[in-house]
Amino acid sequence: MSRVSEDIGLRRIARALARDESGMAVVEFAFVATFLIFLYLGSVQLADAIFANRKVTTTVRALTDLTTQYSVVTNGDLDMILGASTTLLSPYDAAQAHIRISQVTVDGSGNAKVTWSKGLRAAPLTVNQVFDLPDDLTVANTSLILGEITYDYEPFIEGYSVGEITLSDQIFMSPRASASVNLN
C-alpha cells in the first residue's frame, strides 16, 4: 500500500470517528455525575457543619440558662450542669467541647470582675479578674452569668473537607432567682 492510500484511509477513519456520537452521552454523563457527586458531598458536609454550629449555640444557651435558675450553686451543681453538655451536643463528640460558666459582677462604679468560674476542658477565669463587658451590659450593681463554648468540629468525610473548624459562642444572662448566683 502506498503512502497516499494510507493517508486517505486514516482520514476516512478520522472523519468517521468525528461524526460518531454514540459514546458521547456516556462521556458527558461521567463528567456531570462526578460534578454532582462532589456537589452532593459538599452540601451534606456544609449542612452537618451548620447543624453542629447550631448544637454549639443551643448547648451554651441551655447550660447558661440552667445556671441562672440557681440562687446558690455548688461545685457539684456546676459539674452536673457542665456534664449535661454530653447530652446536649449529641450526636457530636462532647469531648471536643471546651465549656466555661462564670459569673461577672459589676460594682457601683461600673467595673466588672469575675466572681467565680468553672470550666469543663477549659481553664476557669481567674476570680477578681477585670472583665471587659460590652457597654450595653455594663449596669452598676448587677451580676451576669457568662457561658462560653469552643468546639473543634471535625468533618465526617475525610479527604474532602477544609479540615477541622473551630466553632464558638458565648452568651450573657441575668440570674433569675436572685440578684446573683453565689458559689458555695
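The values are calculated or read from the model by the stated rules, or taken from the named source; none is laboratory data. Because the structure is predicted, anything quoted here is derived from the model rather than measured. Neighbour counts run over all protein chains shown; Cβ positions are idealised from the backbone, glycine included.
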(request) Give the residue that is nearest to Gln69 (Cα to Cα), with candidates limited to residues of the stretch 166-184 that are assigned to a loop (DSSP other than H, G, I, E, B) and hydrophobic (A, V, I, L, M, F, W, C). (result) Ala177
(message) Looking at Gln103, Gln45, Gln69, can you tell me which residue is farther than 30 Å from Ser143 by Cα and in contact with a Pro (Cβ under 9 Å, 6 or more places away or on another chain)?
(response) Gln45
(request) Name the one entry in Tyr160, Tyr151 that is among the aromatic types (Phe, Trp, Tyr), under 30 Å from Ala49 (Cβ atoms) and either at pLDDT 95 or above or in a helix (DSSP H, G or I) (or both). (result) Tyr151
(request) Report, ordered by the first and then the second residue, all pairs with beta carbons closer than 6 Å, sequence separation of six or more or different chains, a first member in the stretch 124-135 that is closer than 19 Å to Leu183 by Cβ and in contact (Cβ under 8 Å) with a residue 12 or more places away in the chain, and a second member that is loosely packed, with under 11 Cβ neighbours inside 10 Å and among the hydrophobic types (A, V, I, L, M, F, W, C). (result) none
(message) Being aromatic (Phe, Trp, Tyr) and under 30 Å from Glu154 (Cα atoms) narrows it down to one residue among Phe51, Phe29; which is it?
(response) Phe51
(request) Read through the list (1) under 30 Å from Ala179 (Cβ atoms); (2) of a type in the set (S, T, N, Q); (3) within 23 Å of the chain's Cα centre (by Cα), then give the number of the only condition that Asn53 fails. (result) (1)
(request) Identify, by number, the condition in (1) buried (at least 17 other Cβ atoms within 10 Å of the Cβ); (2) at pLDDT 95 or above; (3) within 29 Å of Phe51 (Cβ to Cβ) that Ser143 doesn't meet. (result) (3)
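May I ask you to verify whether Thr126 is farther than 29 Å from Ala49 by Cβ, hydroxyl-bearing (Ser, Thr, Tyr) and surrounded by 13 or more Cβ atoms within 10 Å (Cβ to Cβ)? Break it down stepwise before answering.
On the way: farther than 29 Å from Ala49 by Cβ: yes; hydroxyl-bearing (Ser, Thr, Tyr): yes; surrounded by 13 or more Cβ atoms within 10 Å (Cβ to Cβ): no.
No.
Can you tell which of Leu167, Leu137 is among the aliphatic types (A, V, I, L, M) and under 12 Å from Val106 (Cβ atoms)? Can you show your working first?
Working: Leu167 fails: under 12 Å from Val106 (Cβ atoms).
After applying the criteria, what remains is Leu137.
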(request) Residue by residue through the stretch 98-113, note down the ones that are at negative phi and more than 26 Å from the chain's Cα centre (by Cα). (result) Thr105, Val106, Asp107, Gly108, Ser109, Asn111, Ala112, Lys113
